[in-house]
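First comes the structure, then the notes that go with it.
What follows is calculated from the coordinates using simple rules that are stated; it is not laboratory data. Because the structure is predicted, anything quoted here is derived from the model rather than measured. Cβ sites come from the backbone with ideal geometry, for glycine too, and all protein chains shown count toward neighbours.
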Amino acid sequence: MSSGYDSAKQVFADWGVDTEAAIARLKDIAISMHCWQGDDVVGFETQTGSSGGGIQATGNHPGRARTPDELRADLEFAYSKIPGTHRLNLHAMYMDTDATPDRDEIEYAHFAPWVDWAKAQGVGLDFNPTFFAHSKADDNLTLSHPDQGIRDFWIEHGRRCREIAAQMGAALGSPAVNNIWVPDGYKDTPIDRMAARRRLEASLDAMFADPLDRAKMLDAVESKLFGIGVEACTVGSHEFYMGYAIRKGTLLCLDMGHFHPTENIADKLSSVALSLDEILLHVSRPMRWDSDHVILLNDDILAMAQELVTADLLGRTHIGLDFFDATISRTAAWVIGVRNMQKALLRALCLPLDQLRKAEDTMDFTTRFTLTEELKDLPHGAIWAEFCARMDVPTGQTLIRDLDSYQASVSSRG
């Protein structure tokens, strides 16, 4: 224990906060790190091509992972700089196989190397069907397409992804969250939104028809406000999926970039938690709506973490990240993003909740306001540094040197 931590520990104790309990709780919070930051959402079905479907990574910083082995090496480096044990969020387009199955033909064997790697690393896996970057998604319509044949193709893809996720969860002893997001929508104003949404609902019902063990796999559905090419109408809106998740008992994914820029996503958590058993978060930074920037330790992230703690939702919420920036080191983006989420959670875990709740319950809003401002001056950095030291990961200048050194080692990738 450093002298700096010992002093900070006492400062927090004076406020009634047990920093040891906060560190212990933070250590157990697993964050699902998204694979697609490492290769600009290209995937390994082919080595070239556009991601499409409203998905776009900008920039050409050297060092993009081009193979599963390169991506896994980058992930291992990133995890070594992040305190705690976490998860990997894998998309179906990241299969590792010499075979060339179409999306409706993929099997667990095409992802077995990822499971073997996850076992060796001690990380859990989550999964996502890939409903974009495919000729049958060129119209930005998949599960809601008017053509039954197109819908059947994507329904089968979704079914197979659920089965793959369940096998992953069984192999790793931890349920894989299988998250459904489709780019479906219209560039200009549609005549019949209801027909499209009925088709989407029926396709989802067909995809979820076979019940799978929730100890192995958890279904989640994700909404979006709009996307490139679907500016006028997104079929899978927030209202659509919130109702669907409540009716069908799936998880609801709240992506911080998928709402109006002025909406407070943290405010939604306690509302949806009254009707849902579990929630999935995709934590992002929408500088200009869904621009998916690397998350900062800013007010939005602090508010999200505080809501998770104060509403006692940590045990019911799966935290995943979703950003991709090809203008900077991809491994550094992972490391800084995950660590910022952890820093926000630590700050929330170090709140004197009894004092804050007492002030609020007695309608002493002056004291509540004063407390929240004074607490910003507490030495959170010393608690974070102690947590990192116990987890044997670097901070400060040492971290920067490690990130720079690794980036230099991969910069020669074409």
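When restricted to Cα atoms, region 183-309 yields an Rg and a Dmax of 15.4, 44 Å, respectively.
Phi angles across region 393-407 convert, under the Karplus curve 6.51 cos²θ - 1.76 cosθ + 1.60 with θ = phi - 60°, into 3J(HN,Hα) values of 10, x, 9, x, 4, 4, 4, 4, 5, 5, 5, 5, 5, 5, 4 Hz, Gly and Pro given as x. Rounded to the nearest 500, the helix-only mean residue ellipticity at 222 nm of the chain stands at -14000 deg cm²/dmol, with each DSSP H run of n ≥ 4 adding -39,500 (n - 2.57). Taking amide H positions as modeled 1.01 Å from N, with prolines and chain starts lacking one, no residue 5 or more places away or on another chain lies under 5 Å from GLY249.
In summary, the aspartates and glutamates within cross-link reach of LYS136, defined as a Cα separation below 16 angstrom excluding same-chain residues under 8 places away, comprise GLU45, ASP102, ASP104, GLU105, ASP147, ASP152, GLU156, ASP184.
Residues in region 31-41 carry Karplus couplings, in order, of 10, 8, 8, 7, 5, 6, 5, x, 9, 6, 6 Hz; the curve used is 6.51 cos²θ - 1.76 cosθ + 1.60 with θ = phi - 60°, and Gly or Pro positions show x.
For region 10-44 versus region 217-294, the spacing of their alpha-carbon centroids is 22 Å.
In this structure, the pairs whose alpha-carbon distance is over 31 Å, taken from LYS248/LYS343; LYS27/LYS358; LYS268/LYS358; LYS9/LYS119; LYS9/LYS268, are LYS248/LYS343; LYS9/LYS119; LYS9/LYS268. The reciprocal of the average 1/r between distinct C-alpha atoms defines the Kirkwood hydrodynamic radius, which for region 243-356 equals 14.7 Å. GNM on the chain, C-alpha springs below 10 Å: top fluctuator among PRO190, PRO352, PRO286? Largest GNM mean-square fluctuation: PRO190.
With q set to 0.09, 0.12, 0.20, 0.24 Å⁻¹, the log10 of I(q)/I(0) for region 302-414, from the Debye formula over equal scatterers at the Cα positions, is -0.36, -0.59, -1.16, -1.36. Residues whose amide H falls under 5 Å from that of MET217, counting only those 5 or more places apart or on a different chain, are ALA176, with hydrogens built in the peptide plane.
Annotation: amide H of ILE82 has no partner in the under-5 Å range at sequence separation 5 or more or interchain, hydrogens built in the peptide plane.
When the inverse distances between all different Cα atoms of region 53-121 are averaged and flipped, the Kirkwood radius reads 14.1 angstrom. Bridgeable aspartates and glutamates around LYS81 (alpha carbons under 20 Å apart, same-chain partners fewer than 8 residues away excluded): ASP28, ASP39, ASP69, GLU70, ASP322, ASP325, GLU386, ASP392, ASP402, ASP404.
Kirkwood radius and radius of gyration were both taken over the C-alpha atoms of the chain, and their ratio Rg/Rh is 0.97.
Local charge for THR142 was computed over the other residues whose Cβ lies under 12 Å away, with Lys and Arg +1 and Asp and Glu -1, and equals -3. Karplus-based coupling profile of region 114-124, in residue order and whole Hz: 5, 5, 4, 5, 4, 4, 5, 8, x, 10, x, with θ = phi - 60° in 6.51 cos²θ - 1.76 cosθ + 1.60 and x standing for Gly or Pro.
Within the listed set LEU296, LEU90, LEU251, the residue fluctuating most in the Gaussian network model of the chain (springs between alpha-carbon atoms under 10 angstrom) is LEU296.
Placing dummy labels 7 Å off each Cα toward the beta-carbon, the span from THR367 to ASP354 is 1.3 nm.
Result for the chain in a Gaussian network model with C-alpha springs under 10 Å: among THR327, THR234, THR370, the largest mean-square fluctuation is at THR370. Counting only DSSP beta bridges whose two residues both lie in the chain, roughly 10 percent are antiparallel.
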